[in-house]
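Here the structure comes first, spelled out in structure tokens, and everything after it is commentary.
The numbers here are math on the coordinates, done by the rules we state, and not lab data. Bear in mind that the values here come from a model prediction, so they are computed numbers and not experimental data. Here the Cβ positions follow ideal geometry from the backbone for every residue, glycine too, while neighbour counts run over all protein chains shown.
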Amino acid sequence: MSARVGVVVFPGTNCELDVAWAVEQLGGSAELLWHGERGLDNADAVVVPGGFAHGDYLRTGAIARFSPVMESVARFAAAGGPVVGICNGFQVLTEAGLLPGALQKNAGLAFLCETVECRVETSASVLTGLATPGAVLRLPINHFEGNYVCDAATLARLRDEDRVVVRYVRNPNGSLDDIAGVCSEGRNVVGLMPHPERASDSMLGSEGGVVLLRSLLEAAAAGAAVAS
Amino acid sequence: MSVRFEARVEITHLPGILDPQGATVERALPALGYDNVSDVRVGKSIRLVLDADDEAAARDQVEEMCRRLLANPVIEAYEIALSELSAP
């Protein structure tokens, strides 16, 4: 049976169909999860996709974290379920306290929309299980607030625990320590600014995201096998 | 009988956290001839009205709002100023 991926949709989310398409291209099945519902529809993995959840009012992700679906996502994550936040989804997961740090305005205040090189730093996460550490992936970024920050103690911990999942080869936005994505202590929650789903077919200009999404589907299927 | 307060919350970047907007404004001001400016910080101001038993209760509640929603303690500091609103 193929892995079921729940894709969370807030008012203002705009990457949910791209994620669902990419998941289905790779043999998974995708279900959209409306933010006002609590159910996760028996998902084996959850993706919080990009966009502008609740208009990004106040701060990116600040309002979205109070949506009913987020309680279920937090429970799912606490039980070890794979959760990935992409771009705005990463911002939502940091606001929800599921990932450390915060994302603020890019250094230089430029909105960035380009394909960048990202280095996989660890294969010990639900998004990089099939990737080789050191591999460089071409992934699109598309954000104004992707400048990762955290305090010195948190950064030291992220490094010591090998929780920086992907780094930019050339830092585009001022992110601390070139961080493009991090994972939780349990390694089952991952957030990243680049968009793997937009690099999931050669027609899109890059297939760099395929190994990441395949890793997620495999983690989801493994979890489903344990649960059943 | 509760009292009506106006709260003004000023939210700024924590010291040590890069403030990209402040840095940009700081670079722009000398272009207008203001060469004597440093340490520019751009923040947010939130104004709200609330009813509470007294000023301490009002402050506690606004503090809680700051921690839970209005500010992100990972990158932001906040200051609260309260004033009692007189009856119209």
With a ≥ b ≥ c from the Cα gyration tensor eigenvalues, square-rooted, and the rule rounded for a/c under 1.5, otherwise prolate when a/b > b/c and oblate otherwise, chain A is rounded
Any chymotrypsin sites (Phe, Trp or Tyr not before Pro) in the range A:40-109 that lie in a DSSP loop and have at most 12 other Cβ atoms within 10 Å would be A:Tyr57
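Place a +1 charge on the Cβ of each Lys and Arg in the range A:4-227 and a -1 charge on the Cβ of each Asp and Glu, then give the dipole magnitude about the Cα centre in debye, rounded to the nearest 20.
Roughly 280 debye for the range A:4-227.
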Heads up, the range A:119-158 by the C-alpha gyration tensor (a ≥ b ≥ c square roots of eigenvalues; a/c under 1.5 rounded, else a/b over b/c prolate, else oblate) looks oblate
Mean per-residue count of partner chain Cβ within 10 Å for B:63-74 equals 3
Among GluC sites (Glu not before Pro) in the range A:133-196, those in a DSSP loop whose Cβ has at most 16 other Cβ atoms within 10 Å are A:Glu161, A:Glu185
TM-like helix rule applied to chain A (DSSP H, alpha carbon span at least 24 Å on the long axis, mean Kyte-Doolittle at least 0.5) gives A:210-227
Taking every residue of A:102-108, the Cβ atoms of other protein chains inside 10 Å of its Cβ average out to 5
Where a ≥ b ≥ c are root eigenvalues of the Cα gyration tensor, a/c under 1.5 meaning rounded, otherwise prolate if a/b exceeds b/c and oblate otherwise, the range B:3-84 counts as prolate
From the Cα centre of the range A:39-79 to that of the range B:30-57, the distance in Å is 31
Note on chain A, DSSP bridge orientation, antiparallel percent to nearest 5 equals 60
For the pair A:Ala135 and A:Thr154, the simple spin-label estimate (label points 7 Å beyond Cα toward Cβ) gives in nm 2.9
Taking a crude spin-label model, label points 7 Å out from Cα along the C-beta direction, the A:Ala110 to B:Leu69 distance in nm is 3.7
For the range A:150-228, listing trypsin sites (Lys or Arg not before Pro) in a DSSP loop whose Cβ sees at most 15 other Cβ atoms within 10 Å gives A:Arg170
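Please work out the FRET efficiency for the pair B:Met1 and B:Lys44, using the Cβ-Cβ distance as r and a Förster radius of 22 Å; give the result to the nearest 0.05.
It comes out at approximately 0.10.
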